[in-house]
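Enquirer: Dropping the structure in here first, questions after.
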Amino acid sequence: MIARHELYCITYPAIIQGHPFCIDFLDKEAMANLPNLTVEQIEHVLGNVSGVRYIARGGQKVVWSGVIDGTTYAIKFASTPEEFTREEDDDTEVEADPEVIVRASREVETMRDCASPYMVKLGPIGLNFVEIEGQSLLYFTEEFINGSDLRSLLESDGPLAPDAIIDMGIQMTDAIKALWELGKIHRDIKPGNIMRRTSGDFVLLDAGLAFDVIGESLSGGFLVGTRIYFSPEQFDYSNRRTGLDFRSDIFALGVTMYEMATGRHPFWNRGHSSQAFYSNVTSLAPEPPSSIVEGFPQDLDNIIIRMLGKSPHLRYRKCDHLTRALEAIRGH
Amino acid sequence: MAIYVQHGHGKSDKITNALDDKSASGVIFAARNEKVDKLDRYITTLRENYECDLLFDPQFYVSTLIPANDRYLPDEYRYYEAGRTAKDFIGARKIASYVNDTINFQTERGFDRIMSPTVIANGFSDRWSQIALQLADSSIEYHSSLTDATPLLVSLVLSEGALDSRSDLDAFLDILTSWDVHGYYITVVRDDATYSQSFYEDRLAHLLYMVYILADRNEFEVVCGYSDFIGIPLRAAGASAFATGWYQSLRQFHQKAFLKRKNGGQPPRLRYSSSPLLNSIMLGELESISDAGYLDQVLSDVDLDSIITDATSPESSAWTSQISDRHHWQTLAKLDQDLSGPVRRNIMGLIADVRQATGLYATLKAAGVPFERNTDGQHLFDWLAGLQTFIRIAAL
Ligand SMILES: Nc1ncnc2c1ncn2[C@@H]1O[C@H](COP(=O)(O)OP(=O)(O)O)[C@@H](O)[C@H]1O
Ligand SMILES: [Mg+2]
C-alpha cells in the first residue's frame, strides 16, 4: 500500500547535461499552513451558506461543503501570507502575488475556462479573501462532487477493475485535452486529485498548478507538483528542451492508472531513497500491471506502459490517439 | 509498396519505366534539374497516364552551399537565391517569405504532398538546426492557414553525424513529435561520397529509431529521401516510403553533388542489384559468381533477370546501364514487398535476410569469388549490429 503522505521529495544527486540543480528537500505543499476554522465561522463569514460540513484536507486547502441557494457546493479555504493583505491595504501594487494566491487564481480561472465535463466546475463564489480571527485566508466554491477521491478509494476498496481504469483514462484524457486546448498543463494529476462520482464518472480536481506553457514565469514549469508523479522531463532542466507539454500530464495519468490498477506505484515504494526514486523514474522499465494483477488485460497493460514512456515522444502525440486506443479495448 | 523515384538530371524514360514496372509508386522531383515549364509538362503527362504520388523537393537547402552546383534553381525558382548565409535567416518575416514562396510554388502545381523548405543541419543544437526548426515551424503555421492544400511534410536534411548522440536525438524527437503536421521528409547527408550500403551501426540504429518513433509510435507519414538499399531497413522500421534514383548521387545524398567541381571522370561500370546479397555488385563479380556455379542463388528473381539468364553468361548478356537501373528498382520493390507488417516482424524478417546474405557471401568467397571493397558484404555487419541495437533501444 502506498504511503498516505505522497508528497515525497528528493534531492537530486547529480547533474543533467551540465545543468546542476537541486530539488527542494521538502515539498512546499507539505509545509503549507492549513486554515483552522469552525462551521460557525464559515457560516458567519459567507452569510448565505448553510449546512456547512467538513469534507477533507489536501496539501494546500481545507475542503468543506455547504448549501447555497438550495444547492450543495464545495467550499475551499487556504491560508495566505499576511504581507499580502497589508500591501493591499495601503493601496500599493502587489508586485508578485504569493504563490498560494497565484495558484488559487489559476485554479479558479482554469475551472472557469476548461470545457471538459470531467474537470470540476467553479461554484457561485469566485476567488475571495477574508480575515478570520487573525488568519488571512482565501476561499472559493466548486460544484460538490458526490463520491470519493481515488486515493481514499484505493485505501478503502483496493484497486479498480480494468474497465473502470479504462473509463478513468478516457475521461481524464478528455480533461487533459481540454486544458491543453487552453495552452495549459495540469501538472498535478494523481489519485488524490481525481474523484469518482457515485455515478461512476471521474472528475479532475485541483488545477492550482495548471500552467500556461506560453507566457508563464512561475517556476518555468519545472519541479512544481507532487514529486512522485513527475515525468522524467520534469526533472530535466536542459535548455534544449523547449518546454513541457500535455505529454507530462499523460505520464502522470499513466502513473495514476498503474496505481489504481495494481495498488502499487510503478517507480516508488515507501522507504525508497530519493536517488532510487529518481533513477527508477528515469530508467526503470516498470513491471507490467498484468504481472501483478492476475488476468489484467494485455492491451491495457501496453497502453499504460506506453503512457509511462521515458520521453514524451514515446507516449501519445495527441490526446485523441490515446482516447482511440482506450476506446478500442473498452468492453473486451 | 512505397518506393519513389528520386528524380535528377537526365530522366529520359527512367521514371516511366519504373512506374510501368510497378517498381515505384511515385516521384520526388528535384527542382535543380528541371526547368519549370518542362516540369509542368512532365507532371501533366504523368497525371494523364499514371496513378502515382508526385512530390517535389524544392532543394531550398542548396542556397547555402558555396559555390553551389544549382543549375536551374537560380533562374527558374523564385524561392531560391544563391549564396544565402545565416544572416539571411534573421527575422521571422524573412523566414515567412521563404516559406510562403516555397510552399506556394508547390500548391500551384497540385503536388500530392507539400515539402517545407529547409537547410542542412549538422547537429541538433547548432545554428543551422535552429534555422531548420524555424523554417519548419513557420511552414506548419503557413500551411495550416491554407484551405485546400495537400498535406505537409516537414523536410529535414541531417548530416549523418547528427545521429551520433542518442540524448540529442531524443530531445529533437520530443520537438518533432509535438508538431501538428502530416509527416516528415528525411534526408541523411552521408559523410562518405562512395556508393556503398555501409552505414555506421549506431547511426543506423538511431536513424531507424527516429523513423520508428515518428512513423510507428507517433503515426506521422515518413518519407526517406536518397535512401537506396538503406531504404529497406527504414521501411521495416515504419517509413511509408523511401526514394532512390538512377545515379549514385541520387541513391545517397552527398554535398559533393551540390557543389561546383570540374567535369570529368569515367562512366560508372555496369552493376547488378542482388536481393539475396542485399547489395548492388559489379557485373564482373556476377560473372565470377556465375563461373563458380552460384548464379541462381544470387539472382534477384525479378523480370529483368531474364536478360542474364537468356545469355551464356552475365558479361556476354545485353545488360546495359538502363537495364541495370530498371532492374535495380525491380530488386528493391521485391525486397520491399515483405515490409508492410508490424515493425517487429519486419525487423526480424530482415535480420534473417541479413544473416542469409552473410552466409551467401561467405560461400561465394570460399568458392574464390573476388569482391571489391564496397561490394564485399561488409555492410551486412553494420546492418545486423544496427538492427539489433535498434531492437534494444526501441524495446521491440
Ligand atoms: N469539489 C469537491 N467535492 C467534493 N470533495 C472534494 C472537492 N474538491 C476536493 N475534494 C476533496 O478534498 C481533497 C483535497 O482537495 P484539493 O482540491 O485537491 O486540495 P489541495 O489543493 O489541498 O490538494 C480531495 O482529495 C477530495 O477528497
Ligand atoms: Mg489536491
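The values are calculated or read from the model by the stated rules, or taken from the named source; none is laboratory data. Here the structure is a predicted model, which is why all the values come from computation and not from measurement. Neighbour counts are summed over all protein chains in view; Cβ atoms, including those assigned to glycine, are modelled from backbone coordinates with ideal geometry. Ligands, DNA and RNA are stripped out before the accessible areas are found, and what is left, the full protein with its side chains, is counted by its heavy atoms. Shrake-Rupley method; radii C 1.70, N 1.55, O 1.52, S 1.80 Å.
Enquirer: So which pairs qualify, if the first residue must be in the stretch A:157-171 and within 13 Å of A:Glu327 (Cβ to Cβ), the second must be assigned to a helix (DSSP H, G or I), the Cβ gap must be under 6 Å, and the two must be at least 6 apart or on different chains?
Expert: Matching pairs, first to second residue: A:Ile166/A:Leu326; A:Gly169/A:Met257; A:Gly169/A:Leu326; A:Ile170/A:Thr323; A:Ile170/A:Leu326.
Enquirer: Can you go through B:Ser139, B:Ser97, B:Ser125, B:Ser129 and tell me which one is in contact with a Gly (Cβ under 8 Å, 6 or more places away or on another chain) and assigned by TED's automatic domain parsing to the domain that holds B:Gln59? Working first, answer last.
Expert: Working: B:Ser139 fails: in contact with a Gly (Cβ under 8 Å, 6 or more places away or on another chain); B:Ser97 fails: in contact with a Gly (Cβ under 8 Å, 6 or more places away or on another chain); B:Ser125 fails: in contact with a Gly (Cβ under 8 Å, 6 or more places away or on another chain).
Checking each option against the conditions leaves just B:Ser129.
Enquirer: On to the next question. Could you tell me how many of the residues in the stretch B:275-297 are open to solvent by less than 50 Å² (accessible area, probe 1.4 Å) and out of contact with any Pro (no Cβ under 6 Å at 6 or more places or on another chain)? Step through it out loud before you land on a result.
Expert: First pass over the stretch B:275-297, keeping only residues open to solvent by less than 50 Å² (accessible area, probe 1.4 Å): B:275-290, B:292, B:295.
Restricting the remaining residues to those that are out of contact with any Pro (no Cβ under 6 Å at 6 or more places or on another chain) gives B:275-282, B:284-285, B:288-289, B:292, B:295.
Of the residues in that region, 14 qualify.
Enquirer: Does the stretch B:356-378 include one or more residues that are touching a residue at least 40 places away in the same chain (Cβ under 8 Å), assigned to a helix (DSSP H, G or I) and within 28 Å of B:Glu221 (Cβ to Cβ)?
Expert: no
Enquirer: Only one of these conditions is not met by A:Ala164: (1) assigned to a helix (DSSP H, G or I); (2) within 13 Å of ligand 1 (Cβ to nearest atom); (3) open to solvent by less than 30 Å² (accessible area, probe 1.4 Å). Which number is it?
Expert: (2)
Enquirer: Would you confirm whether any residue within the stretch B:120-130 is away from chain A (no Cβ under 14 Å), in a loop (DSSP other than H, G, I, E, B) and either crowded, with 24+ Cβ neighbours inside 10 Å or of a type in the set (D, E, K, R) (or both)?
Expert: Among the residues of the stretch B:120-130, not one is away from chain A (no Cβ under 14 Å), in a loop (DSSP other than H, G, I, E, B) and either crowded, with 24+ Cβ neighbours inside 10 Å or of a type in the set (D, E, K, R) (or both), which makes the answer no.
Enquirer: Residues being away from ligand 1 (no atom under 16 Å from the Cβ) and under 23 Å from A:Val108 (Cβ atoms): count how many of those fall in the stretch A:172-191. It would help to see each step written out before you state the result.
Expert: Let us first name the residues in the stretch A:172-191 that are away from ligand 1 (no atom under 16 Å from the Cβ), namely A:173-174, A:176-178, A:180-185.
If we keep only those that are under 23 Å from A:Val108 (Cβ atoms) too, we end up with A:174, A:176-178, A:180-185.
Total satisfying the criteria: 10.
Enquirer: Helices (runs of 4 or more DSSP H) wholly in the stretch B:1-96 with at least 3 residues that are touching a strand residue (DSSP E or B) at 6+ places or on another chain (Cβ under 8 Å) and open to solvent by less than 30 Å² (accessible area, probe 1.4 Å) - which ones? First the steps, then the outcome.
Expert: Working: elements: B:14-20, B:36-49, B:73-76.
Because the criterion is at least 3 residues that are touching a strand residue (DSSP E or B) at 6+ places or on another chain (Cβ under 8 Å) and open to solvent by less than 30 Å² (accessible area, probe 1.4 Å), the helices (runs of 4 or more DSSP H) in the stretch B:1-96 that meet it are B:14-20, B:36-49.
Enquirer: Looking only at the stretch A:192-207, which residues are more than 12 Å from ligand 1 (Cβ to nearest atom) and either in a loop (DSSP other than H, G, I, E, B) or in contact with a Gly (Cβ under 7 Å, 6 or more places away or on another chain) (or both)? Show your work before the answer.
Expert: Step one: list which residues in the stretch A:192-207 are more than 12 Å from ligand 1 (Cβ to nearest atom), which gives A:199-202.
A:Ser199, A:Gly200, A:Asp201 - these are the residues of the stretch A:192-207 that are more than 12 Å from ligand 1 (Cβ to nearest atom) and either in a loop (DSSP other than H, G, I, E, B) or in contact with a Gly (Cβ under 7 Å, 6 or more places away or on another chain) (or both).
Enquirer: Going through the stretch B:132-171 one residue at a time, which ones are of a type in the set (D, E, K, R), within 22 Å of the chain's Cα centre (by Cα) and part of a loop (DSSP other than H, G, I, E, B)?
Expert: Initially, the stretch B:132-171 is screened for residues of a type in the set (D, E, K, R), giving B:137, B:141, B:148, B:160, B:164, B:166, B:168, B:170.
Pick out the ones that are also within 22 Å of the chain's Cα centre (by Cα) and you get B:160, B:164.
Once the filter is applied, which keeps residues that are of a type in the set (D, E, K, R), within 22 Å of the chain's Cα centre (by Cα) and part of a loop (DSSP other than H, G, I, E, B), the stretch B:132-171 yields only B:Asp164.
Enquirer: For the stretch B:198-224, which residues satisfy the criterion of being open to solvent by less than 10 Å² (accessible area, probe 1.4 Å) and more than 14 Å from every other protein chain (Cβ to nearest Cβ)?
Expert: Scanning the stretch B:198-224 gives B:Phe199, B:Leu204, B:Ala205, B:Leu207, B:Leu208, B:Val223, B:Cys224.
Enquirer: Tell me which residues, restricted to the stretch A:186-212, are modelled with pLDDT of 90 or more and away from ligand 2 (no atom under 16 Å from the Cβ).
Expert: If the condition is that a residue be modelled with pLDDT of 90 or more and away from ligand 2 (no atom under 16 Å from the Cβ), then A:Arg197, A:Thr198, A:Ser199, A:Gly200, A:Asp201 are the ones that fit.
Enquirer: Please specify each residue of the stretch B:231-274 satisfying the condition of being assigned to a helix (DSSP H, G or I) and in contact with a Pro (Cβ under 6 Å, 6 or more places away or on another chain).
Expert: Going through the stretch B:231-274, the residues assigned to a helix (DSSP H, G or I) turn out to be B:231-236, B:248-251, B:255-258.
Matches in the stretch B:231-274: none.
Enquirer: Need the failing condition index for A:Arg324 against (1) of a type outside the set (Phe, Trp, Tyr); (2) within 21 Å of B:Tyr209 (Cα to Cα); (3) within 12 Å of another protein chain (Cβ to nearest Cβ), just the number.
Expert: If we test A:Arg324 against (1) of a type outside the set (Phe, Trp, Tyr); (2) within 21 Å of B:Tyr209 (Cα to Cα); (3) within 12 Å of another protein chain (Cβ to nearest Cβ), just (2) comes out false.
Enquirer: Could you list, in sequence order, all residues of the stretch A:118-155 that are of a type in the set (Lys, Arg) and more than 16 Å from ligand 2 (Cβ to nearest atom)?
Expert: The answer is A:Lys121, and nothing else.
Enquirer: Quick one: which residue in B:Ser178, B:Ser227, B:Ser167 is of a type in the set (Gly, Ala, Ser), free of Cβ contacts under 8 Å to residues at least 60 places away in the same chain and away from chain A (no Cβ under 14 Å)? Let's see the steps before the verdict.
Expert: Values: B:Ser178 fails: away from chain A (no Cβ under 14 Å); B:Ser167 fails: away from chain A (no Cβ under 14 Å).
Being of a type in the set (Gly, Ala, Ser), free of Cβ contacts under 8 Å to residues at least 60 places away in the same chain and away from chain A (no Cβ under 14 Å) holds for just one of B:Ser178, B:Ser227, B:Ser167, which is B:Ser227.
Enquirer: Of everything in the stretch B:298-345, what is open to solvent by 80 Å² or more (accessible area, probe 1.4 Å) and assigned to a helix (DSSP H, G or I)? Give them in sequence order.
Expert: Within the stretch B:298-345, B:Glu315, B:Gln322, B:Arg344, B:Arg345 meet the criteria.
Enquirer: For B:Ser159, only one of the following conditions fails: (1) in contact (Cβ under 8 Å) with a residue 12 or more places away in the chain; (2) within 14 Å of chain A (Cβ to nearest Cβ); (3) more than 30 Å from B:Leu46 (Cα to Cα). What is its number?
Expert: Just one mismatch for B:Ser159, condition (2).
Enquirer: Sticking with this one: When the residues of the stretch A:276-289 are narrowed to those that are surrounded by fewer than 20 Cβ atoms within 10 Å (Cβ to Cβ) and in contact with a helix residue (DSSP H, G or I) (Cβ under 7 Å, 6 or more places away or on another chain), which ends up farthest from A:Asp174 (Cα to Cα)?
Expert: Pass one, the stretch A:276-289, residues surrounded by fewer than 20 Cβ atoms within 10 Å (Cβ to Cβ): A:276, A:279-280, A:282-285, A:287-288.
Still in the running and in contact with a helix residue (DSSP H, G or I) (Cβ under 7 Å, 6 or more places away or on another chain): A:282, A:288.
Details: A:Thr282: 27, A:Pro288: 24 Å.
Of everything passing the filter in the stretch A:276-289, A:Thr282 is farthest from A:Asp174 (Cα to Cα).
Enquirer: In the stretch B:240-256, how many residues are farther than 12 Å from B:Thr187 by Cβ and among the aliphatic types (A, V, I, L, M)?
Expert: 1
Enquirer: If A:Gly309 satisfies every condition in (1) within 14 Å of chain B (Cβ to nearest Cβ); (2) in a helix (DSSP H, G or I) but one, which is the exception?
Expert: In the conditions (1) within 14 Å of chain B (Cβ to nearest Cβ); (2) in a helix (DSSP H, G or I), A:Gly309 misses (2) alone.
Enquirer: Within the stretch A:41-68, take every residue that is modelled with pLDDT under 95 and among the charged types (D, E, K, R) and give me the one that is nearest to ligand 1 (Cβ to nearest atom).
Expert: It comes out as A:Lys61.
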